[in-house]
Amino acid sequence: MIVTDHFQTFAQSLIDDRNLVFEMSTIIYRAQAVNIDFREATRRRLEKRIRLLLQRIDRECRLLDAIDLCAAGNHIHRVRELAQNLAYHLDRARESTLAFDQTLYGAYRLAPDREPHLTVLVDVAHALDASAALVDGLGEIYAQQARVDAAAGSPDRRLPIRASRRIASLAVRLLPWDERLRYLDEYVSELDTLTQDETLPPREQIRHALRLLTRTPALLFALHSSTSQRRSRAKPSLTRLIESRSDI
């Protein structure tokens with residue numbers, strides 16, 4: 001799937017989610033209008049849409065993970081920031097949907113003077129709207145980068161093949177957030193160097209990317225050990241600081 005299609009699919013999925021929220025609010029308004037018992041058909045209709053919405057949000061999280069960071073070019077920092085915000089709002093939409101589901105268990109009637117259900121649905125809608133805006137922003141960045149790549153393309157400058165970029169991107173996504181950007185720059189640089197060597201076949205790029213992926217567990221262990229060592233060294237200093245403050 002090309003980058004443009006990926007973001008179009010993402011955006012349409014969020015639009016469908018928003019329509020589900022609108023359907024649920026309509027069901028509640030109609031139930032309130034006639035004071036319908038909330039334990040019967042109305043509850044089942046809402047629960048069906050809740051399950052579908054949670055499934056769709058999980059799918060959108062997978063769409064977010066599938067974004068190829070290597071294709072962002074010089075916009076990696078901005079893409080990373082937008083992706084983090086998007087992950088936050090998708091989590092918020094999921095949590096609010098689960099909260100809405102919980103309100104159904106204690107609700108037997110929809111009293112017009114008490115509307116916790118609609119309040120939670122508004123939170124879901126706001127989170128989805130924020131997610132849609134972020135997806136539009138990401139799509140525009142990737143479209144702009146694609147135009148730059150097309151304009152700058154020349155016979156003496158080649159880009160790494162898509163398969164190698166996807167594997168390297170997967171290897172980076174397995175790392176902690178605060179380490180991803182540094183290793184992404186390193187991996188992209190290595191793949192770019194291999195690409196410009198005309199004596200190497202394209203499959204060598206894939207082999208190198210696979211080696212990066214297979215080294216990820218060892219790298220994770222090393223990063224974890226380094227963090228633990230920094231914390232252990234900082235602990236005595238913190239203890240001395242606390243003791244010095246206690247003497248004041």
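Remark: the ASP197-ILE161 segment gains 11.6 nm on full extension, using 0.36 nm per residue and subtracting the alpha carbon distance. Each residue of the range 88-95 is assigned a 3J(HN,Hα), and the resulting list reads 4, 6, 5, 5, 5, 5, 5, 5 Hz, derived from the Karplus form 6.51 cos²θ - 1.76 cosθ + 1.60 (θ = phi - 60°), x at Gly and Pro. If the chain linking ARG211 and ARG147 were pulled fully straight, counting 0.36 nm for each residue of separation and taking away their Cα-Cα distance, it would gain 19.9 nm.
Here the 3J(HN,Hα) profile of the range 213-223, calculated from phi with Karplus coefficients 6.51, -1.76 and 1.60 at θ = phi - 60°, is 5, 5, 7, 4, x, 5, 5, 4, 4, 5, 5 Hz, Gly and Pro shown as x.
Calculated FRET efficiency, TYR29 and LEU219, Cβ-Cβ r, R0 41 Å, to nearest 0.05? My answer for the efficiency is 0.15.
Read-outs throughout are calculated quantities, based only on the coordinates presented, and are distinct from any laboratory measurement. Bear in mind that the values here come from a model prediction, so they are computed numbers and not experimental data. Because the Cβ atoms are built from the backbone with ideal geometry, glycine has one as well, and the counts that use them run over all protein chains shown.
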